[in-house]
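Taking it in order: structure first as structure tokens, then the write-up.
The values are calculated or read from the model by the stated rules, or taken from the named source; none is laboratory data. Since the model is a prediction, treat every value here as computed from it, not as a measurement. Here the Cβ positions follow ideal geometry from the backbone for every residue, glycine too, while neighbour counts run over all protein chains shown. For accessibility, only protein heavy atoms count, side chains too; no ligands or nucleic acids. Shrake-Rupley method; radii C 1.70, N 1.55, O 1.52, S 1.80 Å.
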Amino acid sequence: MAEVRLKNITKIYSGDIVAVKDTSFEVPDQTFTVLVGPSGCGKSTILRMIAGLEEVTEGTLYIDDQKVNDVPPKDRDIAMVFQNYALYPHMSVYKNMAFGLKLRKYPKTEIDQRVKDAAEILSISHLLDRKPKHLSGGERQRVAVGRAIVRHPKVFLFDEPLSNLDAKLRVQMRMEISKLHDRLQATMIYVTHDQVEAMTMGDQIVVLNQGEIQQMADPATLYHKPTNEFVAGFIGTPPMNFIDAQIANSNGKFKLNFENFELNLSDRMQAEVGKLSGSEVKLGIRPEDISVHYASPLPANSANLVSTTVELVEPLGNTALLYLSTPSNNFIAQASGTILPEHNSSLDVTFNMEKAHLFAPDTGNSLTVY
């Protein structure tokens, strides 16, 4: 297999449209790297530059130690799986999988063996004589993956391959592709806008926004130690809550105030907050770090207490999402699904400030020491 390296890659389209800006990262050999971000962030453009389907405007692209900026796609030894499967409708599954090998003039016996081996890996051996129109969406996706496998390429590229499948099938195919990576020990680069796919599949995740890398890390680091407000809000379902707050000094200890509520800061936050020149800060807290109290109201002096109104309840079985409001803010709490509050009822919650995050309101960068 191979490693892929991007060094100061920029892609500019006509009209001075910058799709990717000065991007550098490495995909180590045999790893599963996911490029994730909202639509238009440049992730598919990066994948297409690696494949050779888009020219690199500036920077250098390496596969192993070979510079491939000017190498034609057919000579890069990569295989790409597209969003729309791109199968030949008039060919059988077998012929679809074998077509690329025939163009490269592989011996018939080797083609036959490779196709049958790939079909067995993907559990589609019984479909080899069918045409694509007789296959389900999941089966077509397996054929598209099989067509890539038979090539034995250095690098596999996946461009949002599951976006056309229903929710249940997407979960199944996520598992299948992850197991395939474990079995082949291949270098894979996977593009998706779905952060759940990214978190469940990637060894390494590259979070992109507006053509620039926001953070590159493993899934746990992205979730628990986001480098800025964008990553914190993009990674996680439901997303992190953000509240504008003010820093206050109370007897030598720094606290956060928003509206008429007072929140204690953990010891790890005290030093960083003390260095801030201004008093404004953005508080970030995940829904599962907001504790809900259904019983009698807590004493007014309880630590990190926030009194709210229930706007909406979304039962999800064993859990529920509570959409809560204060006079000037709205946020989501995740609670047990066994007891559900009524709409428009009053509800006390407490914030777990040991799990909270702080962000600079002007730059969005994290102020939290992890």
- Computed E for residue 288/residue 30 - FRET, C-beta separation, R0 35 angstrom, nearest 0.05: 0.55
- Query: Under a 1.4 Å probe, what is the accessible area of region 31-157 per residue, stated in Å²?
  - Reply: 48
- Message: What percent of all Cα-Cα pairs in region 9-97 falls into each 10 Å bin, going from 0 up to the bin containing the maximum distance?
- Response: 14, 43, 31, 12, 1
- Task: Please tell me the relative contact order of region 1-159 in percent, rounded to the nearest whole number, where contacts are Cα pairs under 8 Å and at least six residues apart.
- Result: 25
- Hz values of 3J(HN,Hα) by residue in region 129-138 - Karplus curve (6.51, -1.76, 1.60), Gly and Pro given as x: 8, 7, 8, x, 5, 9, 10, 6, x, x
- Note on the structure: In the neighbourhood of residue 144 defined by beta carbon distances under 13 Å, the net charge of the other residues (Lys, Arg +1; Asp, Glu -1) is 0
- What's the extension gain from residue 339 to residue 314 if we count 0.36 nm per residue and subtract their Cα-Cα distance? 7.8 nm
- Query: At a Förster radius of 51 Å, what calculated FRET efficiency corresponds to the Cβ-Cβ distance of residue 328 and residue 271, to the nearest 0.05?
  - Reply: 0.95
- Under the helix-only model (-39500 (n - 2.57) for each DSSP H run of 4 or more, divided by the residues of the chain), the mean residue ellipticity at 222 nm, to 500 deg cm²/dmol, is -7500 deg cm²/dmol
- Item | Heavy-atom accessible surface of the chain: percent carbon and sulfur, 1.4 Å | 48
- Message: Ranking request for peptides 42-51, 331-340: highest mean number of other beta-carbon atoms within 10 Å first, then the rest in descending order.
- Response: 42-51, 331-340
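So if a site counts as exposed when it's one of the GluC sites (Glu not before Pro), its DSSP state isn't H, G, I, E or B, and it has at most 15 other Cβ atoms within 10 Å, what's the longest stretch of the chain without one? Mind dumping the intermediate values first?
Numbers: sites that count: 55, 259, 342, 354.
In the chain, the maximal stretch lacking such sites is 56-258.
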- Note on the structure: Probe 1.4 Å, heavy atoms of protein chains only: per residue, the accessible area of region 171-289 in Å² is 43
- Query: Where does the charge balance sit around residue 308 when Lys and Arg score +1, Asp and Glu -1, over other residues with C-beta under 12 Å from its C-beta?
  - Reply: -3
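If you roll a 1.4 Å probe over the heavy atoms of the protein chains, what accessible area per residue do you get for region 322-370, in Å²?
50
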